[in-house]
Amino acid sequence: MQRLAEQILSHAEGLPEGAPLAAKGLLHLGSRAGVDQALSRLAERGQLIRAGRGVYLRPIKSRFGTRAPSVEQAVEALAAQRGEVIVPTGAAEANALGLTTQVPVRSVYLTSGRSRTLSLGKQLVELRHAPRWQLALGKRPAGSAVRALAWLGPEQAESALRSLKQKLPAAAFDELVTAAPQFPTWLARSVGKAAYV
């Protein structure tokens, strides 16, 4: 019979790159205390990366050594595992949409779950709880626009919306207009004005 740590490692190797391991998902292999202890020992030996409280990742092995999975892969896998919505912040979205030239230095994501920090190797990823309206349209282009507008604020929203009306596909802009009643008053008003310009 395999030791618990070996069973956990073989289970981890069957997962896609960046997929998180949680003790709750390994209870079929042993008791909760045993699984927790095995995960902790595997992390101490460097065979797993402890990303956060109760979240472990398998390091990626290459000819150059081992590294943590990419931030995007880890965040997407965590969102799928936990059933949360996790999306980039408004600063990152504004940069991606060409509304600002500022590039975020830190990896920060908005989440429907609790605020917390993940550590992927030497990189820290901050997950911040966000209001429902910022997460409503998810990763779709209209959702990116909402988060970018929220980050830009009321002073720059109307000029940004004029630019977005030309950049976004018509269907995505229509989706943004349809979702406007969910937004704060200042943003709903700006979106409403932009729809008829």
key: For the chain, calculated [θ]222 nm from helices alone, where every DSSP H run of n ≥ 4 adds -39500 (n - 2.57)   = -14000 deg cm²/dmol
message = With every protein chain left in place and a probe of 1.4 Å, what is the accessible surface of D174, to the nearest 10 Å²?
response = 90 Å²
task = Please work out the average accessible area per residue across the range 4-67, using the 1.4 Å probe convention, and give it in Å².
result = 58 Å²
query = Roughly speaking, to the nearest percent, how much of the chain's 1.4 Å accessible area is carbon and sulfur?
reply = 52 percent
ask   = For the charge dipole of the chain, defined by +1 on Lys and Arg C-beta atoms and -1 on Asp and Glu C-beta atoms about the Cα centroid, which residue among T101, F183, F64 has the Cα displaced farthest towards the positive pole?
value = F64
task = Pick out which of K139, K165, K122 has the largest mean-square fluctuation in a Gaussian network model of the chain, springs linking Cα atoms closer than 10 Å.
result = K122
message = If the only charges are +1 at each Lys and Arg Cβ and -1 at each Asp and Glu Cβ, what is the size of the charge dipole of the range 4-67 around the Cα centre, to the nearest 20 debye?
response = 200 debye
request  = With an 8 Å cut-off on Cα pairs and a minimum separation of 6 or more residues, tell me the relative contact order of the range 4-67 in percent.
outcome  = 34 percent
inquiry  = Counting only chymotrypsin sites (Phe, Trp or Tyr not before Pro) that sit in a DSSP loop (anything but H, G, I, E, B) with at most 15 other Cβ atoms within 10 Å, what is the longest stretch of the chain containing none of them?
reply    = 65-195
key: Mean accessible surface per residue for the range 90-197, computed with a 1.4 Å probe while every protein chain stays in place, in Å²   = 54 Å²
task = Report the calculated FRET efficiency for Q37 and R140 (r = Cβ-Cβ distance, R0 = 41 Å), to the nearest 0.05.
result = 0.45
message = Please identify the DSSP H helices in the chain that span no less than 30 Å along the helix axis (Cα) and have a mean Kyte-Doolittle hydropathy of 1.6 or more.
response = none
request  = Give me the aspartates and glutamates in straight-line cross-link reach of K61: C-alpha distance below 19 Å, same-chain residues under 8 apart excluded.
outcome  = E6, E13, E17, E44, E72
key: Inter-centroid distance (Cα atoms) of the range 63-119 relative to the range 9-44, Å   = 23 Å
key: Surface accessible to a 1.4 Å probe, R32 within the full protein complex, Å²   = 110 Å²
ask   = How much of E6 can a 1.4 Å solvent probe reach, expressed as accessible area in Å² and rounded to 10?
value = 80 Å²
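The values are calculated or read from the model by the stated rules, or taken from the named source; none is laboratory data. Quick caveat, the model's predicted, so the values are computed rather than measured. Cβ: placed from backbone, ideal geometry, glycine included. Neighbour counts: every protein chain shown. Note: areas computed on protein heavy atoms with side chains; ligands, DNA, RNA excluded. Shrake-Rupley method; radii C 1.70, N 1.55, O 1.52, S 1.80 Å.
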